[in-house]
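Okay, structure first, notes after.
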Amino acid sequence: MTSPILRARNLHKSFGNNEVLKGIDLDVAPSEVVAILGPSGSGKSTFLRCINRLEHIDKGFIEVDGEQIGYQLKNGKLVALPNAAIARQRGKMGMVFQSFNLFPHMTVLQNVIEAPVGVHRVNKAEAIETARELIAKVGLSEKLNAYPGQLSGGQQQRVAIARALAIKPKILLFDEPTSALDPELVGEVLATMRDLASQGLTMIVVTHEIGFAREAADRVVFMDGGYVIEQGKPEDVLVKPQHARTQAFLSRFI
Amino acid sequence: MKTAPLPELQDSPEDSLRDVAGAHLPLPKSKIILWVIVLLFGSDFALTVATNKNFGWPTVGQYFFNETVLQGLWVTLWLAVVSMLIGVVLGLPIAIGRMSKDPLARGLSNAYVWIFRGTPLLVQLIIWYNLSFLFPKIALKIPFGPSLVQWDANALITPITAAIIGLALNEAAYMAEIIRGGLLSVPRGQRETAEAFGMKPMRALWRIIIPQAMKTIVPPTGNQFINMIKATSLVSVIAMADLLYSVQSIYNRTFEVIPLLMVAVLWYLLITSILSYAQSHIERYYSRGDSMHAARSTSDDAKTTEEDAK
């Protein structure tokens, strides 16, 4: 088996006295699409945010592409990395947020080229060309010079996906990408994500869309109360869940 | 599936009159009365002012482009611009310091704002001007050790340096608060997104946070600049030849106090009017990403018609 692109071991995270993650272990293989399901408050979004260090873990470690996130082993001692090094590590991960978080003062094109040009030092003409292709891929070529405020929620989220792809990430992180959308706009975003899943991108998707998990994910991870309760192939976990809490959760979707 | 027949529309004979497209507006009687009253009182007052010999309008005209006055005007303008620029440049790090998690940065910034915002500008100007009483020598030195460079305070502090230092340091305290308010107005998710995409904090600040904060920062900053134009008149107490000082120097000679003050007032009004106009343009620029409601609603409409057609 190829070595995993993400390794998380014994992750613990508390907000004040509230322990949200109580020991998460997870490996993700390159090109794997992992859907994380679970009730709200189960810690699944927090876990995702810990991966690119938007939240700092209290215990355990995370490794992406062979590098520990936020820390470095020096002569057998673990030392915290400076901001610049953490920024470089984050540059390997693309993130898509629940509330899109496009930069409202920039056009669609500017949003997509901002990180490649400003962080990854890609030549601007080259970045624009890549951006045009990506924007075309999410079906928004005619909105290149529109501002996010002029787009529907679904269109904004597709731009956000193009923006995340533009940095050529090793892993794509999706934090409930369709939860803030009107029901009739969910489909277009899921279609874009399904497309990406079939192209061999490594994706970790926190979602409530059971349909997406069933069709596009290689593995479903079910979280509850800060633990991974159950995981496996979608057809196993979603069709014949072993754990009572998974059963209870899924029963609401049938 | 069988569709039920639609109920027939019930018309009434008055219907042709009810089309709102042909509606008339009632005569706004109370509004017209108010207009007439205000215009009557206003024109009477304007006429009284214009014909009042005590204002000395011919003298105002005579001195409006007087060389001393124009020189004073020039001093007022560059003093305001320079002090404002320094104020903004100093205000930004102080604003960031006040929002910092680091207790040293926060403590220093808070102390700065506390002192400079908490004491009168006039007093600050006088203290800066008379700094040589407090510190005859000003030196760059190693703490508790020897000094490296040393200046004579009397030579260093002229009316100009005292005016710039006094106005700029005071302004920085106010600008820090305005900038802090602007930075706080940008949703937290924007900063997170910038960081998630690998931007370092400084880059996130310049490219993502500040451009969005400008929308909130510009209006009160315009206000501060207009205040600054007028606050420069305080430097006349430290013998700096600004606009007010210039007209004072003339009326001390000619005793035409009111006409010359009118010259200054009209110039101040003219400058601040131009600034207000410029401000409205800058505001429009920084709200470019969100004044799109018209465009948005048309595209939404287009979408609905498309869907209806299907």
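The values are calculated or read from the model by the stated rules, or taken from the named source; none is laboratory data. Remember, predicted model here, so these are calculated numbers, not experimental data. Here the Cβ positions follow ideal geometry from the backbone for every residue, glycine too, while neighbour counts run over all protein chains shown. These area figures cover heavy atoms from the full protein model, side chains too; ligands, DNA and RNA do not enter into them. Shrake-Rupley method; radii C 1.70, N 1.55, O 1.52, S 1.80 Å.
Per residue of A:117-125, other chain Cβ atoms within 10 Å of the residue Cβ number 2 on average. For the peptides A:77-90, A:132-145, the ranking by packing is A:132-145, A:77-90, with the highest mean count of neighbouring Cβ atoms within 10 Å listed first. Extending 7 Å from Cα along the Cβ direction at B:M202 and again at A:T2 yields two label points whose distance is 3.8 nm.
Solvent-accessible area per residue in chain B equals 65 Å², computed with a 1.4 angstrom probe and all protein chains kept.
Tell me whether chain A comes out rounded, prolate or oblate; compute the Cα gyration tensor, take square roots of the eigenvalues as a ≥ b ≥ c, and use a/c under 1.5 as the rounded threshold. Note, shape of chain A comes out oblate. Here each label is just a point 7 Å from Cα along the line to Cβ, and for A:S31 and B:K31 those points are 7.1 nm apart. Expressed as a whole percent, the accessible area of chain A that falls on carbon and sulfur atoms is 48 (1.4 Å probe). Hydrodynamic radius of the protein assembly as shown by the Kirkwood approach over all distinct alpha-carbon pairs: 29.6 Å.
Of B:W206, B:W128, B:W114, the residue with the largest accessible area leads and the full order is B:W114, B:W206, B:W128 (1.4 Å probe).
Count Lys and Arg as plus one, Asp and Glu as minus one, and take only other residues whose Cβ is under 13 Å from that of A:L11; the net charge is then +2. When a/c is below 1.5 the answer is rounded, else prolate if a/b is larger than b/c, else oblate, so apply that to region B:1-160 with a ≥ b ≥ c taken from the square roots of the Cα gyration tensor eigenvalues. Here region B:1-160 falls in the oblate category. For chain A, the solvent-accessible area works out to 43 Å² per residue, with a probe of 1.4 Å and every protein chain left in place.
Excluding residues on the same chain fewer than 8 positions from A:K170, give the lysines whose Cα lies under 30 Å from its Cα. Of all the lysines, those that pass the test against A:K170 - Cα under 30 Å, at least 8 places apart if same chain - are A:K13, A:K22, A:K44, A:K59, A:K74, A:K77, A:K92, A:K124, A:K137, A:K143, A:K233, B:K200.
Taking every DSSP helix (H) stretch of at least 4 residues in the protein assembly as shown, weighting each as -39,500 (n - 2.57) and dividing the sum by the residue count yields a mean residue ellipticity at 222 nm of -17500 deg cm²/dmol. I'd like the interface area for chains A and B: accessible area of each alone minus the complex, both sides summed, 1.4 Å probe, protein heavy atoms only. What is it in Å² to the nearest 100? Between A and B, the summed buried area is about 2400 Å². The distance from the alpha carbon centre of region B:260-292 to that of region A:139-205 is 42 Å, rounded to a whole number. Take each residue of peptide A:97-104, count the partner chain Cβ atoms within 10 Å of its Cβ, and average: the result is 5. The convex hull around the C-alpha trace of region B:78-243, projected and averaged over every direction, spans 11.6 square nanometres. Tell me whether chain B comes out rounded, prolate or oblate; compute the Cα gyration tensor, take square roots of the eigenvalues as a ≥ b ≥ c, and use a/c under 1.5 as the rounded threshold. Verdict is oblate for chain B.
Distant-in-sequence amide contacts of A:E67, defined by a placed amide H-H separation under 5 Å and a gap of 5 or more residues or a different chain, comprise nothing. Near the amide H of A:L81, within less than 5 Å, lie the amide hydrogens of A:Y71, A:Q72, all on another chain or at least 5 residues away, with H placed in the peptide plane. Of the residues B:W57, B:W74, ranked by 1.4 Å probe accessible area with the largest first, the sequence reads B:W74, B:W57. Take every Cα pair under 8 Å whose residues are at least 6 apart in sequence, average their separation, divide by the length of region B:78-243, and the relative contact order is 31 percent.
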